[in-house]
1. Working only within the stretch 123-154, note down all residues that are over 10 Å from LEU112 (Cβ atoms) and of a type in the set (Val, Ile, Thr).
2. Out of the residues in the stretch 126-179 meeting the condition of being basic (Lys, Arg) and outside any helix (DSSP H, G or I), tell me which one is nearest to PHE10 (Cα to Cα).
3. For LYS62, state whether it is more than 13 Å from the chain's Cα centre (by Cα), open to solvent by 30 Å² or more (accessible area, probe 1.4 Å) and within 19 Å of LEU151 (Cβ to Cβ).
4. What residue, of GLY141, GLY201, is open to solvent by 20 Å² or more (accessible area, probe 1.4 Å), modelled with pLDDT of 95 or more, among the small types (Gly, Ala, Ser) and out of contact with any Gly (no Cβ under 7 Å at 6 or more places or on another chain)?
5. Hey, could you check the stretch 150-195 for residues that are among the aromatic types (Phe, Trp, Tyr) and touching a residue at least 40 places away in the same chain (Cβ under 8 Å) and say which is most open to solvent (accessible area, probe 1.4 Å)?
6. Considering each of THR122, THR115 in turn, give the residue that is closer than 22 Å to PRO17 by Cβ and either without any contact (Cβ under 8 Å) to a residue 40 or more places away in the chain or crowded, with 19+ Cβ neighbours inside 10 Å (or both).
7. Might you let me know whether the stretch 73-80 holds any residue that is in a helix (DSSP H, G or I), out of contact with any helix residue (DSSP H, G or I) (no Cβ under 8 Å at 6 or more places or on another chain) and either surrounded by 14 or more Cβ atoms within 10 Å (Cβ to Cβ) or not aromatic (Phe, Trp, Tyr) (or both)?
Amino acid sequence: MSDQKTPIDFYFDFSSPYGYFGSLHIEKLAAQYGRTVNWHAILLGPVFKVMGIAPIANVPLKGEYSHHDMERTARFHNILFKRPDVMPIASQHAARAVLWTQKNDAAKAVNLIHTLYSAYFTENIDISKLETVLRIAGDVGIDADKLTNALNDDAIKDALKTEVAASIERGVFGSPFVIVDGESFWGFDRFNQLESFLKDGKI
């Protein structure tokens, strides 16, 4: 019988600060327990439509609390973080760029994820703009011309729609959202429970 452990599915939206926090911890956590990470860039907009809710930052009372909480969470975990001037943002260009890169170079795709997240949440760079995504992709060694052509193709747009639909089918409704061995964990604040599960296979 194989001792190979299944990967951790990590779902995230680039507009999510908690997704950013989770992205900085998930690889170390996975490696600690002999796992790998499958990265899934999704869009929360379609998910929120299914749920009939608004982004947390736009919800009265809760939105103001969330701004305080994300900054406090960053301090608590010693994470470099600067709340962007505009949040949330459209993240389809970034998600499509990651999806295309994953098909060509998985390592560069992970680097792109971290670099895009850092640009938005530490440097206040608006990664909703296509030209910004292309520039950052070029900075991490991705062929910008090939990526430009890919992002102008309906195939990558359809691929992202398929990815989002598949995530909803699996019950994903937030960012970060982790699924491993059939168990789901929503939110960066569930990472302690996730680690317990990875360690013992139960909670």
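1. Matches in the stretch 123-154: ILE125, ILE127, THR132, THR148.
2. Our first condition is that a residue be basic (Lys, Arg); within the stretch 126-179, this holds for 129, 135, 146, 157, 161, 170.
Now drop any that are not outside any helix (DSSP H, G or I), which leaves 129, 170.
On the way: LYS129: 24, ARG170: 12 Å.
Of everything passing the filter in the stretch 126-179, ARG170 is nearest to PHE10 (Cα to Cα).
3. no
4. Values: GLY201 fails: modelled with pLDDT of 95 or more.
Every option except GLY141 fails the conditions.
5. Step one: list which residues in the stretch 150-195 are among the aromatic types (Phe, Trp, Tyr), which gives 173, 177, 185-186, 188, 191.
Within this subset, residues satisfying the condition of being touching a residue at least 40 places away in the same chain (Cβ under 8 Å) are 173, 177, 188, 191.
On the way: PHE173: 72, PHE177: 6, PHE188: 16, PHE191: 20 Å².
Among them, the one singled out is PHE173.
6. Details: THR122 fails: either without any contact (Cβ under 8 Å) to a residue 40 or more places away in the chain or crowded, with 19+ Cβ neighbours inside 10 Å (or both).
Being closer than 22 Å to PRO17 by Cβ and either without any contact (Cβ under 8 Å) to a residue 40 or more places away in the chain or crowded, with 19+ Cβ neighbours inside 10 Å (or both) holds for just one of THR122, THR115, which is THR115.
7. Of the stretch 73-80, the ones in a helix (DSSP H, G or I) are 73-76.
Checking the rest, the ones that are also out of contact with any helix residue (DSSP H, G or I) (no Cβ under 8 Å at 6 or more places or on another chain) come to 75-76.
From what's left, either surrounded by 14 or more Cβ atoms within 10 Å (Cβ to Cβ) or not aromatic (Phe, Trp, Tyr) (or both): 75.
The answer is yes, given that some residue of the stretch 73-80 is in a helix (DSSP H, G or I), out of contact with any helix residue (DSSP H, G or I) (no Cβ under 8 Å at 6 or more places or on another chain) and either surrounded by 14 or more Cβ atoms within 10 Å (Cβ to Cβ) or not aromatic (Phe, Trp, Tyr) (or both).
The values are calculated or read from the model by the stated rules, or taken from the named source; none is laboratory data. All values reported here derive from a predicted model rather than from experimental measurement. All Cβ positions, glycine included, derive from the backbone under ideal geometry; neighbour counts span all protein chains shown. These accessible areas exclude ligands, DNA and RNA; they are computed on the full protein's heavy atoms, side chains included. Shrake-Rupley method; radii C 1.70, N 1.55, O 1.52, S 1.80 Å.
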